[in-house]
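Participant: Quick one: the structure is below, and I'll ask about it shortly.
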Ligand code: KG4
Ligand code: ZN
């Protein structure tokens, strides 16, 4: 089974080949054009996808030494994401599928973040997953492939969004998540006690209060003080976000009595989160899966493996496949 995966939901144009249980290539073209605007500009993203997609797919095929005729299916990110961006990937996938008479497989981007764990870990069920990306923060219970129950989600901002928005307040470049992570490493996480909303109860999240609290806190301070203590402030913010995420994942794992759990999505690249969750999993004696760093943030390898899993379960689509901007629940 040889599957081409295509990802174009936000600002990365990516293509990957998954064949016989392995990722053979994983090409990512990141769009630098958005940096100057401090966030993703949808129209520019679609144009950049359109310009790059053929080249990116060609590179993925070449690197994997696979020809288009070897493909058994084309898996493509169907949503959630930016409509114009998704349409580029979807149209390309449909064109290829039609011309080569191979099936197209629509892949949910959020599911794919989760199943990225099975590139390097054994496929096991049931498990609880914490998916933390730029647009989503959700806890799910997965009983078997593609059967998920949502346990909790954010009521406002996503965890990645919190990192990015608070980073903007601190004048850090976009996306601020990885920058805050790096700065936090030699800062004092107990420098300032930021709020940990909804930590004591339930499995939902809320991060907008933290953003407001960071805004008020910094407004009171001299720029020179912020500059001097930037590492400490970033560490304290990271500490608050990762505390909440770790406690909720632990609660979900205990409530569902699972033997396996996982982290997924861009924020799972965060070093403080990885360390806290690893410690918690050791304490509970639960098997923890975290994707390798290059499979945490947006990539097409996760689309390709999820496509291969869907093909295995006979979950194919046809050329009526449509993109969707938001998750249903
Ligand atoms: O999963 P992803 O690549 O794209 C979405 O589907 O949204 O996640 C991107 C998010 C951004 O908000 C980015 O700041 C955050 O993941 N992120 C991080 C780190 N690496 C990426 N946040 C904290 N620490 C990191 N090391
Ligand atoms: Zn993503």
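Every number here is computed from the coordinates shown, using simple stated rules; none is lab data. Remember, it's a predicted structure, so these values are computed and weren't measured experimentally. Virtual Cβ from ideal backbone geometry, glycine too; neighbours counted across all protein chains shown.
Participant: What percent does the relative contact order of the chain come to when contacts are Cα pairs within less than 8 Å and at least six residues apart?
Facilitator: Values: 715 pairs, mean separation 82.1, N = 329.
For the chain, the relative contact order is 25 percent.
Participant: Over what distance in Å are the Cα centres of the range 32-84 and the range 257-329 separated?
Facilitator: Between the Cα centres of the range 32-84 and the range 257-329 lies a distance of 20 Å.
Participant: At 0.890 mPa s and 25 °C, plugging the Kirkwood radius over alpha-carbon pairs of the range 202-329 into Stokes-Einstein gives what diffusion coefficient in µm²/s? Display every interim value, and only then the final one.
Facilitator: On the way: Rh = 17.9 Å.
So the translational diffusion coefficient is about 137 µm²/s.
Participant: If you don't mind, another one. Grab the Cα-Cα distance for residue 33 and residue 69, subtract it from 0.36 nm times how many residues apart they are, and report the gain in nm with one decimal.
Facilitator: Answer, rounded to one decimal: 9.5 nm.
Participant: With labels modelled as points extended 7 Å from the Cα through the Cβ direction, what inter-label distance (nm, one decimal) is found for residue 224 paired with residue 193?
Facilitator: Taking the simple label geometry, residue 224 and residue 193 are separated by 3.0 nm.
Participant: What is the ratio of the Cα radius of gyration of the chain to 2.2 N^0.38 Å, with N the residue count, to two decimals? If you can, show how the numbers build up before the last one.
Facilitator: Details: Rg = 19.9 Å, N = 329, 2.2 N^0.38 = 19.9 Å.
Working it through for the chain, the quotient is 1.00.
Participant: Starting from the Kirkwood radius over alpha-carbon pairs of the range 112-247, derive D by Stokes-Einstein at 20 °C in a medium of 1.002 mPa s and give it in µm² s⁻¹.
Facilitator: It comes out at roughly 135 µm²/s.
Participant: Could you list the square roots of 5 times each eigenvalue of the Cα gyration tensor of the range 274-329, that is, the equivalent ellipsoid semi-axes, sorted largest first and rounded to whole Å? Intermediate results must be reported in sequence, preceding the final value.
Facilitator: Numbers: eigenvalues 196, 40, 33 Å².
Equivalent ellipsoid of the range 274-329: 31, 14, 13 Å, largest first.
Participant: By how many degrees, between 0 and 90 and to the nearest 10, does the Cα long axis of helix 42-64 differ from the longest principal axis of the chain?
Facilitator: 60
Participant: What ranking do 10-20, 279-289 get when scored by the average of other Cβ atoms within 10 Å per residue, highest first?
Facilitator: Those peptides, ordered most packed to least, come out 10-20, 279-289.
Participant: Once you place label points 7 Å from the Cα toward the Cβ at residue 43 and residue 55, how far apart are they in nm?
Facilitator: With each label point 7 Å from Cα toward Cβ, the separation is 2.3 nm.
Participant: Calculate the FRET efficiency for residue 314 and residue 254 from the Cβ-Cβ distance with a Förster distance of 30 Å, rounded to the nearest 0.05.
Facilitator: On the way: r = 35 Å, r/R0 = 1.16.
FRET efficiency, residue 314 to residue 254: 0.30.
Participant: If you fit an axis through the alpha-carbon atoms of helix 83-100 and take the longest principal axis of the Cα set of the chain, what angle between them do you get, 0 to 90°, nearest 10?
Facilitator: 20
Participant: Got a sec? Which residues in the range 238-261 would a label at residue 155 touch, if it sits 7 Å along Cα→Cβ and we count backbone N under 20 Å?
Facilitator: 240-252
Participant: Against the longest alpha carbon principal axis of the chain, how many degrees, from 0 to 90 and to the nearest 10, is the axis of helix 208-219 turned?
Facilitator: So the helix axis and the longest Cα principal axis differ by about 50 degrees.
Participant: Of 191, 37, 118, how do they rank once you tally other Cβ atoms within 10 Å and put the fewest first?
Facilitator: Values: 191 16, 37 10, 118 20.
Listing 191, 37, 118 from fewest to most nearby Cβ atoms yields 37, 191, 118.
Participant: Once you wrap a convex hull around the alpha carbon atoms of the range 165-220, what is its projected area averaged over all directions, in nm²?
Facilitator: Values: hull surface 18.4 nm².
Taking a quarter of the hull surface, the average projection is 4.6 nm².
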